[in-house]
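Please find one structure pasted underneath; my questions will follow.
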Amino acid sequence: MAVCVAVIAKENYPLYIRSTPTENELKFHYMVHTSLDVVDEKISAMGKALVDQRELYLGLLYPTEDYKVYGYVTNSKVKFVMVVDSSNTALRDNEIRSMFRKLHNSYTDVMCNPFYNPGDRIQSRFVCLGRAFDNMVTSMMIPVC
Amino acid sequence: MSVPDYMQCAEDHQTLLVVVQPVGIVSEENFFRIYKRICSVSQISVRDSQRVLYIRYRHHYPPENNEWGDFQTHRKVVGLITITDCFSAKDWPQTFEKFHVQKEIYGSTLYDSRLFVFGLQGEIAEQARTDVAFYPNYEDCQMVEKRIEDFIESLFIVLESKRLDRATDKSGDKIPLLCVPFEKKDFVGLDTDSSVLLGLKRHYKKRCQGRMRKHVGDLCLQAGMLQDSLVHYHMSVELLRSVNDFLWLGAALEGLCSASVIYHYPGGTGGKSGARRFQGSALSAEAANRHRPGAQEVLIDPGALTTSGINPDTSTEIGRAKNCLSPEDIIDKYKEAISYYSKYKNAGVIELEACIKAVRVLAIQKRSMEASEFLQNAVYINLRQLSEEEKIQRYSILSELYELIGFHRKSAFFKRVAAMQCVAPSIAEPGWRACYKLLLETLPGYSLSLDPKDFSRGTHRGWAAVQMRLLHELVYASRRMGNPALSVRHLSFLLQTMLDFLSDQEKKDVTQSLENYTSKCPGTMEPIALPGGLTLPPVPFTKLPIVRHVKLLNLPASLRPHKMKSLLGQNMSTKSPFIYSPIIAHNRGEERSKKIDFQWVQGDVCEVQLMVYNPMPFELRVENMGLLTSGVEFESLPAALSLPAESGLYPVTLVGVPQTTGTITVNGYHTTVFGVFSDCLLDDLPGIKTSGSTVEVIPALPRLQISTSLPRSAHSLQPSSGDEISTNVSVQLYNGESQQLIIKLENIGMEPLEKLEVTSKVLTTKEKLYGDFLSWKLEETLAQFPLQPGKVATFTINIKVKLDFSCQENLLQDLSDDGISVSGFPLSSPFRQVVRPRVEGKPVNPPESSKAGDCSHVKPPESTRPLNMPSSLEIFIVPLLSARDCHEEGCPGRTHSLVGEDASTEDAHRMSYMLCQGTDKTLEAVLNFKYSGGPGHTEGYYRNLSLGLHVEVEPSVFFTRVSTLPASSTRQCHLLLDVFNSTEHELTVSTRNSEVLILHAGECQRMAIQVDKFNFESFPESPGEKGQFANPKQLEEERREARGLEIHSKLGIRWRIPSLKRSGEASVEGLLNQLVLEHLQLAPLQWDVLVDGQPCDREVAAACQVGNPVRLEVRLTNRSPRSVGPFALTVVPFQDHQNGVHNYDLHDTVSFVGSSTFYLDAVQPSSQSACLGALLFLYTGDFFLHIRFHEDSTSKELPPSWFCLPSVHVRAVEVQA
């Protein structure tokens, strides 16, 4: 399953980022950060398409030796980036797609929370705010056997 | 081939490679000067054709790359230019030898070579050689360019011949197989001629043909025949595809791509020099017609191709209208080529370069996504073990390429990797400087600017984790570079901008290292200029501490300057001629929003209050915190503070002294935190609250300090007083006591004190205050002025407390309610007694009121009787009071004594009760000292120092009752006062002309004072004049006060407490009601009765002889403002039997000479009238004459008290013989 999940604001700074091998977190920061180039490129290429017809799922952004980076962008230009172990060949595009959709729904829940200030980091230490989101991300990170 | 050329681009395929190298010792500067000139000749239009030759110069080229020259001819070194210094002829052979050695290196591929010799002159230089050029020095070599052109032309000739040779090679059956270096060993021993298998042979032949075709294509491209090359490439592709010669197929495809790119993008893909681009655009015009003469030439001559013998099928190719690939095809073909290359491990460099070339093409096509895929591929191409330098180069170029396709983050990533590579542990001499430089270049990629101003607006929006990492690296690199100032700046920036993202531990670590750095090199506010042209702006620590609120404080009340009224008015008038104008009001509003409406004074300490808090998890030491100001010379007095960890809002007061006058603006503050100096400007602080930062500084004023003889008081006056009191003093006084307050005025400022004005304000109190509470004489003090700095003057104030001496108002009310004395009649007239029915009418008369009343109307019936004769009183009172009252009173004669005896014990009880309720009364006053001097005075400013005075007034004596008794004379009366000593000490009371009355503590005694009646009308009515518009009530009040004062001064009642040696006045002012006043007042009609020419107003009886007529004169002086009269008077004589019986039946004993009735004419104001009569006493005896008015209308209009005639007592005696 996913090794890193990131939510990136419209202005391209992280709202949430979590990775399972916590010891090398910065590596994933760099990975997600550089993937934004591709996201930007894809978004600008999509720009002409009508909003309602737009596909939110961006697909594979780029592969690295060990990981695959997938992207998803909401209509409000909030980006979701997911890093998946490339050895996990069982994971198909459809599953990635559904994972993103789940992520999107959870994010929508966070946004609906009146105590959440759009643009703030989603922090799991606030029970009512980030906890549910965090739990959902955790569930996506647990490898399904 | 192992060294990739990362700078390669597609159009390089059409270039001829020329290596320019120095031989011997040539200074780098000289070499590159010539090299540059050589490079300027990068393209040549070949004469008598429109073809263009492109030259690629290299000053360094690995010979092993040259071995791939057959594979792609642009890799082949075809020309060599050698530059050398040679100063003497004897060196020449050696030099020439070196040139030959150099030629040997690339010998196999060279078409031609040149040697440029500098410095050699003479015989050798004279000889004309094509391959050697002599120049006297590096300056004098104008012919270099021409030489190069010639050289290139010679290269072209060789190239053209080779091309034609290959293209028209008709040997057919024997085409050599072109190989790449690593293939050579594969084909060793392969006997192509004696191959057993025909298929293999044919296969081999095709391979040879295909490779040769490709080679010819390359040559055509180099020779400027684009279309030809396309044709050849196409044919080659088909040939090689059929034999699965993938490496060469890739090369052919790439050649096809290159030619197409050159065709489509004449501007070039490498982004090289502008000259080339210009040339390119010239070419593009040509390319537009798509019929380049050179190409056409070939196409028209198909025989040249068909007869080539390489492939008979070429004729099919000629028919194609477009051999050129479309832009989309180019990429496809590149992809294909790269996929073929990737099959060969040894062709890694070729593959890498192809990727780079494709990326550049895609960058021009703005197809970033595909370009990124090519780049991604390039990243994974594993070459042999690269040297560190190559790695750096590789990462840098990747970064550049990513930048080219707009992937700034990726670019920054690789640049950072390159930077890290510069200082890899395996490198013996880490290039920290290069690392730092590369790191700086990554900043835009991480959207990080090093200007803290970009971060001050709102919250930080950026990828904090990676930015922080980068900043840490910058800090480290700059430190290793040996530039501590730079690392301090970066670290400060990290701390300032990333504070929200640092964990507590990180905060500690960062500050720790910052302190370490600053111990060697303190952080400054100077911008740091970097060699690359970048300037690092200073980083003020606006978050250490965070300032939330800035407030300029007014001076303390005692030091606040005030504008003199008159001058203020002038100022107002100069501003605008209008009293009100909406426009001006608007402007003022704006002004006010910036400028604070108080002033600071030059030379006086001013304060600014900041509310700060410490966001750090440890104690924050802020040193040297002071104000930054402009407009006025300002001496800031810095403060040091220590804020506890994560403190809440903490007030900090920064002080300073303005040295000049004008308008001062507080722009910000400066601090030193962790050894970093910061100037924090308020404008740059987000979310700061300030109520204006501009204030006016007025010229210096003196400072006055007050010390008094009285102790300071803990009492503070009511806040409602409005003034802010700097000092409070308090004193305890007995009511009526006076005390002197000595005030020492000291000038503690720097300016002379020139003016002083003292005013006082008694704070509103419900107590009625009589007389002057505070009085002073300023003249003596002012005589000591101007007061120089440090000098002291004294000033004396008299405090006199004179509160109401009546114990309570309601008591007096009771007295007046009584009504007994309302009529105010002299009770000698028994007729008048019936006028007061109210006493009887009252159902329950409070005992005290009746008691009070019973003295007020008492009059001794006989003027001869002294006042202290109670018996006579008793007789008189009884009939006046109801039986009940009388009973309750008990016997008045027993309980009441007049003077010197106790008033009723009941009274004393009541008094003590009342005293318990409100013993101490306080008086508060504010003394305002307005003073000025020095330059501030000339500007019209003054200061106001307020001294609060708190006086606790303890009761001394009380007058519990007051009443009057008519004296025997109509011009006099007795004032009866019950005096109560409310102190705990023995007290004496004295009046002006009476003996001393001793009162024990809590004792109440009655005293009687004989006073002359007052003629109030004669007073100048000054208060009345003043209050012309005051209502009559006030007027009356004022008149009453004036009367009270008059009475008070006449009485001069004083008390003394011998044990405490304190004394004071006792005033009756407060207790004189209308009734008593009327009694004390002299009636405006003054009646004088003269018996035998003697005024008869005494207790003494007038003596007269029996039988002799006695002259009786009644004289009226009118002092009232109106005319009175006429009056009719009847004299009624009677005899008092002293037992209550009056004998009026005296017809036989007294006879009148003339009429017993007198008539007085109307008397004008201030005139006199008299009437005369005579009496004849027939017997001896004591007679009284009662002069009675005839009641008529006129007399009724006037108050009855005006008709107060003295009674006449005549003693008729026998005539002595």
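Just so you know, all these numbers are worked out from the coordinates, no wet-lab data involved. Quick caveat, the model's predicted, so the values are computed rather than measured. Neighbour counts run over all protein chains shown; Cβ positions are idealised from the backbone, glycine included.
For the cross-link pairs B:777/B:1013; B:206/B:345; B:761/B:1061, which exceed 28 Å when the distance is taken from alpha carbon to alpha carbon?
Long pairs (Cα-Cα over 28 Å): B:777/B:1013; B:761/B:1061.
Restricting to Cα pairs below 8 Å that are 6+ residues apart, what does the relative contact order work out to for chain A? Please round to a whole percent.
27 percent
Count, for each residue of B:403-414, the Cβ atoms from other chains sitting within 10 Å of its Cβ, then give me the mean as a whole number.
4
Something else: With θ set to phi - 60° and the Karplus curve 6.51 cos²θ - 1.76 cosθ + 1.60, what are the ³J(HN,Hα) couplings of the stretch A:27-32 in order, to the nearest whole Hz, using x for Gly and Pro?
4, 6, 4, 5, 5, 5
Could you give the nm distance between label points at residue A:24 and residue B:383, where each point is 7 Å from its Cα heading toward the beta carbon?
In this crude spin-label approximation the distance works out to 2.5 nm.
How far is the Cα center of the stretch B:634-689 from the Cα center of the stretch B:729-757, in Å?
Between the Cα centres of the stretch B:634-689 and the stretch B:729-757 lies a distance of 39 Å.
Let me ask something else about it. Taking amide H positions as placed in the peptide plane 1.01 Å from N, state which residues far from residue B:536 in sequence (5 or more) or on other chains have amide H under 5 Å from it.
Amide H neighbours of residue B:536, under 5 Å, 5+ apart: B:528, B:529, B:530.
Then there's this: Considering only the other residues whose Cβ falls under 10 Å of the Cβ of residue B:559, what net charge follows from Lys and Arg at +1 and Asp and Glu at -1?
+2
Right, here's the next one. May I ask you to sort A:93, B:1148 by Cβ crowding, counting other Cβ atoms within 10 Å and putting the fewest first?
B:1148, A:93
How many angstrom lie between the C-alpha centres of the stretch B:385-452 and the stretch B:1124-1183?
139 Å
Listing A:134, B:245, B:451, B:218 from the residue with the fewest other Cβ atoms within 10 Å to the one with the most, what is the order?
Fewest-to-most Cβ neighbours within 10 Å comes out as B:451, A:134, B:245, B:218.
If each residue's Cβ is checked for other Cβ atoms within 10 Å, how do B:1056, B:213, B:202 rank with the fewest at the top?
So the ranking, lowest neighbour count to highest, is B:202, B:1056, B:213.
Mind listing the long-range amide H neighbours of residue B:113? Cut-off is under 5 Å, sequence gap 5 or more, other chains count too, H placed in the peptide plane at 1.01 Å from N.
B:80
What whole-number volume per residue, in cubic angstrom, does the convex hull of the C-alpha atoms of the stretch A:2-140 give?
Dividing the Cα hull volume of the stretch A:2-140 by its residues yields 107 Å³.
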